[in-house]
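As structure tokens, the structure follows; a few thoughts come after it.
FYI, it's all coordinate maths here, none of it is from the lab. Computed from a prediction, not measured in an experiment: that's the story for all the values here. Cβ: placed from backbone, ideal geometry, glycine included. Neighbour counts: every protein chain shown.
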Amino acid sequence: MKNIARYLLGGLILAAGVLTVSYLQYRFDQSDIRNAVNAVRSTRSGGPQQGSLEERLSQRFGIAPESISWQPRIESKLKGTVQVRALLPQGPNDLIWEVDLVRYSVQPVTESAKTISKFQD
């Protein structure tokens with residue numbers, strides 16, 4: 001009977017450990033996603049005098065900034081990279097940037113994203 005209780009207790013401790021690690025990983029992933037989207041939205045590739053990427057998208061396509069949806073996808077947890085796609089109600093849907101969260105850099109991936117990133121106000 002003692003052995004059964006030990007195995008049961010060991011299994012419960014192991015399950016609690018796995019659940020704790022899973023929850024912490026989920027929280028880290030959510031933080032990475034939130035930081036990556038904020039980095040893309042606020043990037044100013046032309047310097048401080050140029051508007052943020054979100055402002056340039058809304059100006060270029062004549063839409064409200066609130067109508068732009070951001071779709072993040074974790075590319076590599078090890079390298080800390082996240083791809084962020086801007087979904088517009090009108091205009092191109094291949095606007096993708098890659099965010100390196102370690103170096104906090106934002107690089108356009110697609111040609112449309114490169115064009116928007118270079119767009120001058």
| note | Per the Cα gyration tensor, region 54-113 corresponds to an equivalent ellipsoid with semi-axes, largest first in Å, of 23, 10, 10
| said: Could you tell me the relative contact order of the chain? Use alpha-carbon pairs under 8 Å, at least six residues apart, and round to a whole percent. | reply: 20 percent
| Based on DSSP H assignment, which helices of the chain show an axial Cα extent of at least 18 Å together with a mean Kyte-Doolittle hydropathy greater than or equal to -0.5? | 2-42
| query | Where the convex hull is taken over the Cα atoms of the chain, what is its projected area averaged over directions, in nm²? | reply | 9.6 nm²
| note | For 87-94, 5-12, 37-44, ranked highest to lowest by mean beta-carbon neighbours within 10 Å, the order is 37-44, 87-94, 5-12
| query | How large is the convex hull of the Cα atoms of region 2-71 per residue, expressed in Å³ as a whole number? | reply | 91 Å³
| query | Got a sec? How would Glu66, Glu75 order by Cβ neighbour count within 10 Å, fewest to most? | reply | Glu66, Glu75
| remark: Note to self, the chain gives a 222 nm [θ] from helices alone (DSSP H runs n ≥ 4, -39500 (n - 2.57) apiece, / all residues, nearest 500) of -16500 deg cm²/dmol
